[in-house]
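Novice: Please find one structure pasted underneath; my questions will follow.
The values are calculated or read from the model by the stated rules, or taken from the named source; none is laboratory data. If you're wondering where the values come from, they're calculated on a predicted model, not measured in any experiment. Using ideal geometry, Cβ is built from the backbone for each residue, glycine included, and neighbour counts are taken over all protein chains shown. Protein only, heavy atoms only, side chains kept; ligands, DNA and RNA dropped before computing areas. Shrake-Rupley method; radii C 1.70, N 1.55, O 1.52, S 1.80 Å.
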Amino acid sequence: MASKDSVAVLKGVGKQAAETLKEMNIETIHDLIMTFPYRHEDFQLKDLVDTPHNERVTVEGRVESEPSVLFLGKNKSRTTVQVMVGRHLIKAVFFNQHYVKTKLHIGEIVTLTGKWDRGRQIITVSNHSLGPRTDGADFEPVYSLKGSMHQKTFRKLMRQALDLAKDDLEECIPSKFLAEYKLAPFSEALEWVHFPPDGESLKQARRRFVYEELLMFQLKMQALRKKNREEEGGSFIDYDVDKVRNFVQSLPYELTEAQKRVVNEISKDMKEPFRMNRLLQGDVGSGKTVVAAISLYATVTAGLQGALMAPTEILAEQHANTLAEWFEPFPVTIALLTGSVKGKKRQLILDQLAAGQIDILIGTHALIQPDVQFRKLGLVITDEQHRFGVDQRRVLKDKGYNPDVLFMTATPIPRTLAISAFGEMDVSVIDEMPVGRKEIQTFWMKKDMFGKIVGRMEKELAAGRQAYVICPLIEESDKLDFQNAVELYSQLSSYFHGKYTVGLMHGRLHSDEKEETMRSFTEGEIAVLVSTTVVEVGVNVPNASFMLIYDAERFGLSQLHQLRGRVGRGSEQSYCVLLADPKTEIGKERMTSMTETNDGFVLAEKDLKLRGPGDFFGRKQSGLPEFKMADLIHDYRALETARKDAESLVNSDEFWTSGETACLRRMLEESGALSMARLD
């Protein structure tokens, strides 16, 4: 097969070229033809009437004046000539190309490519040719190259490779999808993606490869999901429906429709004989803890144990107190295990847990210590799951025989990213807030208003409430002129001296100091907490009604929204003030968006568009795939379609046996998806 041949068979590939291509991960003809251009130079002739300002354009016109040259210094020049393009007399400007003076003559036809200044009627020329345009492609591919490899050379190699491999190209997309979505066949699309005869062909080639790429990715995810379900088995949780219903009716408030829907999704999974692997998304304050409590209670009624792991001691304690209150009328034994629980008390909990006398264990990473043994673990819930490493989550899960797993997060993740980063999980979303919760009023103010803002904060403190002050840095930085936590703490301590206690919290404090500071704030001993973003997740202080975020332009929208969610947890009206002087349009747009909506999912979508998928999760451990052609933001409809198609394929017997899907199965094998260990 020609596509498996080495690139060394191509004319013009010597030792140096072969090494450069290898650096680009190109060793075979197949590697080469599947290296797509990242853009195309568009040389189509356009009408200037339809060309927007500052767009790149190619036009054909007649020279109307002798070129004039202005020398601007050593080797620098500006050549200007008037050209009639259609009914427009425009100026063509050539920088550092004074030799064109002898080439361009009045009355001759010239083809020009360059940037169009609509207001001044000027084209700044980057490419030109004498005479009317009779040959040459309208679209030239531009590739990401390394070393001394030139675009022209690479295009020649690509042309040779495509000609060699044309009889050797295998169609992988099943014919029913090609027909249903009117997709170009692989051989045509491959030719067009490199050397399109026109704009429509390029568009159709891109459509086909976007779908194919997303289909392959989703096939991996759905195959993993199927494999995990079928091979792992799971704990069939035969819970008592009537007891669960009684518990729900005993809760201090009625469930929202979104909570009811999510509880039904989880309950259905628990009754199935496979292991639940579900992500529960809910905006700050949407009531995920209630859903967790119902799921844990259902597990207990089936004679199994439940575990809830939180990222901090404070959050674990909050969960334990809340659940103890809700379960008080019911025969449920709850225990709290954190790093602070030591000695005989800890040993007693471990003994009771192993004997099955504890129904629900709540804690931090202390739950995953080797000596923590459950008698019969049925459900594991991980709160703010992105704060734990994969290994930590797996260790807890492995303490039972394939217990059901529920991951919870208060970080609203746009659907496209949820499908991509958590594609092997089922995703549930609480997209409705509890009735009666007051919307946090958010204001964007400039830094010269700091004095007024502190005055407004003081009114809240005088009414017996508390405040957060958040800033991005801990200590002074020479490079960044942003207010830092230590300096702000000093300023506010001095301002409120003798009236209100100010606390300081940041990432460099020892964990015991952090816990102590947070406890003092939770119990009302500290009135104003100056902090970096360590309070972003999970802290529940209902008495805190005011938040000031200093240098708010330094944060992404999702992070700002998470921070804002620390207030508005009590019955009083709460306020969030963004103190920012953003220099960019994106920065200003972020601030405006925060004042316009309290919906975390709306803001998450906006953040995705402003920052891109890598920055949304943080590039290091985003879990997002790298796509050659697809774009998670713009191609979200194709992603949804690919997921639906992949799910129907892997769940059909035909996919695993049909000759038409052999190519897809082989690609799945090569990707390692079918032999991959369980994904968490």
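Novice: Taking only Cα atoms, what is the 0 to 90° angle, nearest 10, from helix 199-232's long axis to the longest principal axis of the chain?
Specialist: Helix 199-232 and the main axis of the chain meet at about 30 degrees.
Novice: In terms of Cα to Cα distance under 17 Å, which lysines are near enough to residue 609, apart from those fewer than 8 places away along the same chain?
Specialist: Reachable lysines: 588.
Novice: Can you tell me the dipole magnitude for the chain around its Cα centre, using point charges on the Cβ only (Lys, Arg +1; Asp, Glu -1), in Debye to the nearest 20?
Specialist: In debye, rounded to 20, the chain gives about 1500.
Novice: Describe numerically, in nm with one decimal, the distance between label points set 7 Å from Cα along Cα→Cβ at residue 171 and at residue 516.
Specialist: 7.3 nm
Novice: How many angstrom lie between the C-alpha centres of the stretch 324-369 and the stretch 94-119?
Specialist: 81 Å
Novice: Shifting gears a bit: Just to verify a number: FRET efficiency for residue 462 and residue 609, C-beta to C-beta distance, R0 = 30 Å, to 0.05?
Specialist: Once the sixth-power term is evaluated, E becomes 0.15.
Novice: Within the stretch 123-203, count lysine pairs with alpha carbon atoms under 29 angstrom apart where the residues are 8 or more positions apart or belong to different chains.
Specialist: Lysine pair count for the stretch 123-203: 12.
Novice: Would you indicate which of (1) 29.9, 113; (2) 31.6, 100; (3) 27.1, 89 is the value of Rg and Dmax of the Cα atoms in Å derived from the coordinates of this structure?
Specialist: Read-out taken from this structure: (2).
Novice: On to the next question. Roughly what angle does helix 450-462 make with the longest principal axis of the chain, taking Cα atoms, 0 to 90 degrees, to the nearest 10?
Specialist: It is inclined by approximately 20 degrees.
Novice: Turning to a different aspect of this structure: Hey, if you put +1 on the Cβ of every Lys and Arg and -1 on every Asp and Glu Cβ in the chain, which of 662, 307, 489 ends up farthest toward the positive end of that dipole?
Specialist: 489
Novice: When the accessible area of the stretch 245-360 is split by element with a 1.4 Å probe, what percent falls to carbon and sulfur?
Specialist: Exposed carbon and sulfur together represent 50 percent of the surface.
Novice: Return the carbon/sulfur percentage of the accessible area of the stretch 538-607, one whole number, probe 1.4 Å, all protein chains in place.
Specialist: That fraction is 46 percent.
Novice: Determine which aspartates and glutamates satisfy two conditions relative to residue 376: a Cα distance under 16 Å, and not lying fewer than 8 residues away in the same chain.
Specialist: Answer for residue 376, where 16 Å is the Cα cut-off: 238, 351, 359, 398, 404, listed by chain and number.
Novice: If you don't mind, there's one more thing I want to ask. Grab the stretch 1-95 and count how many Lys pairs have their alpha-carbon atoms under 20 Å apart, sequence gap of 8 or more, or different chains.
Specialist: 5
Novice: Only bridges whose two residues both fall in the chain count here: according to DSSP, what percent of them are antiparallel, nearest 5?
Specialist: 40 percent
Novice: Sort 186-198, 649-661, 497-509 by packing, meaning the average of other beta carbons within 10 Å per residue, with the highest value first.
Specialist: Ranking the peptides 186-198, 649-661, 497-509 by packing returns 186-198, 497-509, 649-661.
Novice: Would you grab the residues whose amide H sits under 5 Å from the one on residue 577? Only those 5+ places off in sequence or on another chain, please, with H modelled 1.01 Å from N.
Specialist: Under 5 Å from the amide H of residue 577 lie the amide H atoms of 443, 547, 548, 549, each far enough along the sequence or on another chain.
Novice: Could you tell me how many degrees, from 0 to 90 and to the nearest 10, lie between the Cα long axis of helix 241-250 and the main elongation axis, the longest principal axis, of the Cα atoms of the chain?
Specialist: 80 degrees
Novice: OK, next. Ignoring ligands, DNA and RNA, what percent of the accessible area of the stretch 485-536 is carbon or sulfur (1.4 Å)?
Specialist: For the stretch 485-536, the apolar C and S fraction of the accessible surface comes to 47 percent.
Novice: When the dipole is taken about the Cα centre of the stretch 2-96, and only Lys, Arg (+1) and Asp, Glu (-1) are charged at their Cβ, what size is it in debye, to the nearest 20?
Specialist: Dipole size: approximately 400 debye.
Novice: Lys pairs in the stretch 218-331, Cα-Cα under 28 Å, at least 8 apart or on separate chains: how many?
Specialist: The result is 17.
Novice: Still on this model: If the only charges are +1 at each Lys and Arg Cβ and -1 at each Asp and Glu Cβ, what is the size of the charge dipole of the stretch 16-166 around the Cα centre, to the nearest 20 debye?
Specialist: Charge dipole of the stretch 16-166: 540 debye, to the nearest 20.
Novice: Same structure again: Output the lone cysteines of the chain: those with no second cysteine's C-beta under 4.7 Å from their C-beta.
Specialist: For the chain, the answer is 471, 576, because their Cβ atoms have no other cysteine Cβ under 4.7 Å.
Novice: Something else about it: Skip the ligands, DNA and RNA, and give the accessible area per residue of the stretch 73-212 with a 1.4 Å probe, whole Å².
Specialist: 54 Å²
Novice: Tell me which residues come under 5 Å, amide H to amide H, from residue 377 once H is placed; ignore anything under 5 positions away on its chain.
Specialist: It is 305, 401, by chain and number.
Novice: Express the accessible area of the stretch 503-609 per residue in Å², computed with a 1.4 Å probe while the remaining protein chains stay in the model.
Specialist: 37 Å²
Novice: Still on this model: Got a sec? Charge dipole of the chain, +1 on Cβ for Lys and Arg, -1 for Asp and Glu; which of 586, 330, 218 is way out at the positive end?
Specialist: Value computed over the given set: 586.
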